Amino acid sequence: MTVSSVASSVVVVGGGIAGVSTVAELRKHGYTGELTLVSADPIPYDRPPLSKDYLLGAKGLESISLQAPEWYAEQRVDLITDALVVALDPAAGTVELSDGRELSADRIVLATGGHSRWPDLERVVRELLDRPSAGRDIPRSTTGIHTLRSDDDADALRHVLLPRARLLVVGAGLIGAEVASTARKLECEVVLVDPADPPIAPAVGVQVATWLHSLHAVHGVETVTATVEKLESTSAGVVAHIAGEAEPRTFDAVLLAVGMVPDAAVAKAAGLEVDNGVLVDDRQVTSHPNVLAVGDCARRRGHRRAEHWEAALHDGQRAAATILGVEAGAETAPWFWTDRYDLHVEVVGEMHEPDSEHESVVRGTLGEPPFSVFILRGERVIGAVAVDDPATAKAARRLIDRGVDVRASALADPTTDLRKLLRAAR
Ligand SMILES: Cc1cc2nc3c(=O)[nH]c(=O)nc-3n(C[C@H](O)[C@H](O)[C@H](O)COP(=O)(O)OP(=O)(O)OC[C@H]3O[C@@H](n4cnc5c(N)ncnc54)[C@H](O)[C@@H]3O)c2cc1C
């Protein structure tokens, strides 16, 4: 990248991977102007470990910080911590902080992420939100109801995940399943409730989703296919009413893991177009040319929101390229990972269910890691799930990105060197 006529001041709002990748990429590619990062946290940190090693107690905040503390000064990034942006004026190019300070810049990048969703239990939520002390951070010590998005959330949850503690996890998606797995390592009694059977099928395909879900029972987690209709905080614990069960059950703690909502309130109040995220174009530009949005808070027009770590990183790279007035790197097939019960699962591309146009091909033996499942449309790979098989995930991504024609029999054979298929296609 080379720097053409660009902004001379940039303010990035939000210190997650999307915001930090934006500032890192700007400096990496020669941006010399003023650069400010506003972080709501004392130090910008990474979120994926919050349901894994951080929750387990194996990692502290320092080891999950996105950059070393001195990096910001070295990169001449003015890091403003413990600060919230409460208002944005796109035309004036200003943001207002919660302490009343105003910052101005030629370009403003929103990287505000999101917060945990509270569906199906609106009555409970409303009741809690009506309490004078409650806001987005529900007072967990008094309610026993948790969500997991921040280090504070993880600390509060870790505090109650003692041996034999009874934990109800509502939602068996990626985060709910990871917490169930971590809680078992901490010797908790875990019940996992989700109406989908199997959960996460759209993300990994029914075959792999069914197998992954069956692992909960193998590891001592009780799974229930139902919805939780009501939660009540009592002195004995949280009483959960699960649909179809005659009697309510009591838990020491409940984790609501039912998705996230993009934090787009500041953008909306500023008049930017918002629809399930701050709407952006292919260059991360919002409906105002001087304001960009990246990561979990943003949604590309005509696309679904990604909600994955690498997508947020790539958004930051693209936003930096836009601000520098240069071409962004080529896009690659989407990728994410998740870990449960000491298994590492990677997903690339799109896991379409088999039909007249789509074929599912297992490499190895399903349910016996390492193994992978590919989805082929004709002779093209369009998606793959790899369990404890990162080399296959990497090769699958290249096969997708390069549009290589492959035979199902070659993919299915674990002795086929996938790199050779790639080399042969050059
Ligand atoms: C528990 C958990 C586990 C996960 N595990 C995985 C995984 O295994 N694999 C994977 O691919 N993805 C995973 N993810 C998803 C991934 O972490 C997110 O996609 C990624 O963090 C999004 O980055 P972001 O920078 O857009 O948002 P965030 O990480 O949410 O960062 C946004 C930051 O902006 C701050 N902020 C919000 N509003 C304001 C404001 N007004 N002013 C200033 N600051 C503000 C927030 O406090 C936050 O610090 C996980 C997420 C969670 C919560």
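The values are calculated or read from the model by the stated rules, or taken from the named source; none is laboratory data. All of these numbers come straight from a predicted model, not from anything done at the bench. Cβ sites come from the backbone with ideal geometry, for glycine too, and all protein chains shown count toward neighbours. Note: areas computed on protein heavy atoms with side chains; ligands, DNA, RNA excluded. Shrake-Rupley method; radii C 1.70, N 1.55, O 1.52, S 1.80 Å.
The string of couplings for the stretch 221-230 from the Karplus curve (6.51, -1.76, 1.60, θ = phi - 60°) is 8, 7, 9, 10, 8, 5, 10, 8, 8, 7 Hz, one whole number per residue in order, with x for Gly and Pro. Divide by every residue of the chain the summed helix terms, -39500 (n - 2.57) for each DSSP H run of at least 4, and state the resulting mean residue ellipticity at 222 nm, rounded to the nearest 500 deg cm²/dmol. Computed ellipticity for the chain at 222 nm equals -7500 deg cm²/dmol.
The charge dipole of the chain, taken about the Cα centre with unit charges on the Cβ atoms of Lys, Arg (+1) and Asp, Glu (-1), comes to about 760 debye, rounded to the nearest 20.
Excluding same-chain neighbours fewer than eight residues apart, the lysines reachable from Lys394 by a Cα-Cα span under 16 Å are Lys420.
Take the Kirkwood radius over Cα pairs of the stretch 143-198, plug it into Stokes-Einstein at 37 °C and 0.692 mPa s, and you get 285 µm²/s for translational diffusion. Placing unit charges on each Cβ (+1 for Lys and Arg, -1 for Asp and Glu) gives the chain a dipole about its Cα centre, and among Ala265, Ile323, Ala18 the Cα reaching farthest toward its positive end belongs to Ile323. Here is the size of the chain from its Cα atoms: Rg then Dmax, 22.7, 68 Å. Hydrodynamic radius of the stretch 342-424 by the Kirkwood approach over all distinct alpha-carbon pairs: 12.4 Å. For the chain, the share of accessible area belonging to carbon and sulfur comes to 49 percent (1.4 Å probe, ligands and nucleic acids excluded). Remark: the stretch 193-208, residue by residue, has Karplus-estimated 3J(HN,Hα) of 10, 7, x, 7, 9, x, x, 6, 4, x, 7, 10, x, 4, 4, 6 Hz, where x stands for each Gly or Pro and the curve is 6.51 cos²θ - 1.76 cosθ + 1.60 at θ = phi - 60°.
Taken about its Cα centre, the stretch 342-424 carries a charge dipole of roughly 520 debye when the Cβ of each Lys and Arg holds +1 and the Cβ of each Asp and Glu holds -1.
Basic side chains Lys and Arg get +1 at the Cβ, acidic Asp and Glu get -1 at the Cβ, and with that the dipole of the stretch 48-113 about its Cα centre reaches some 280 debye. In the chain, taking the dipole from charged Cβ atoms about the Cα centre, the farthest positive-side position among Val86, Tyr54, Ala293 is held by Ala293.
Taking Cβ atoms as reference points and 11 Å as the exclusive limit, the residues near Ala203 contribute a net charge of -2, counting Lys and Arg as +1 and Asp and Glu as -1. Residues Leu61, Leu324, ordered by accessible area of protein heavy atoms at a 1.4 angstrom probe radius and largest first, appear as Leu61, Leu324. The listed residues Arg300, Arg340 rank as Arg300, Arg340 when sorted by accessible area, largest first, using a 1.4 Å probe. Amide H contacts of Ser287: Glu273, each under 5 Å away and 5 or more positions distant or on a separate chain (H built 1.01 Å from N in the peptide plane; Pro and chain starts excluded). Distant-in-sequence amide contacts of Leu79, defined by a placed amide H-H separation under 5 Å and a gap of 5 or more residues or a different chain, comprise Leu37.
Heavy atoms of the protein chains alone define the surface here; on that basis the chain has 45 Å² accessible area per residue at 1.4 Å probe size. Other residues with beta-carbon under 12 Å from the beta-carbon of Ala333 carry, at +1 per Lys or Arg and -1 per Asp or Glu, a net charge of 0. Summary of the geometry: the stretch 3-76 and the stretch 287-338, compared by the centres of their Cα atoms, lie 16 Å apart. Spin-label model, Asp82/Thr250: points 7 Å from Cα along the beta carbon direction are separated by 4.0 nm. Ser8 sits among other residues whose Cβ lies under 9 Å from its own Cβ, and their net charge, with Lys and Arg +1 and Asp and Glu -1, is -2.
Measuring nothing but alpha carbons in the stretch 156-291 and taking Rh as the Kirkwood radius, the Rg to Rh ratio lands at 1.10. Using a simple spin-label model with pseudo-atoms 7 Å out from Cα toward Cβ, Arg380 and Glu96 lie 5.0 nm apart. Each semi-axis of the equivalent ellipsoid for the stretch 275-426 is √(5λ) with λ an eigenvalue of the Cα gyration tensor; in descending order they amount to 32, 17, 14 Å.
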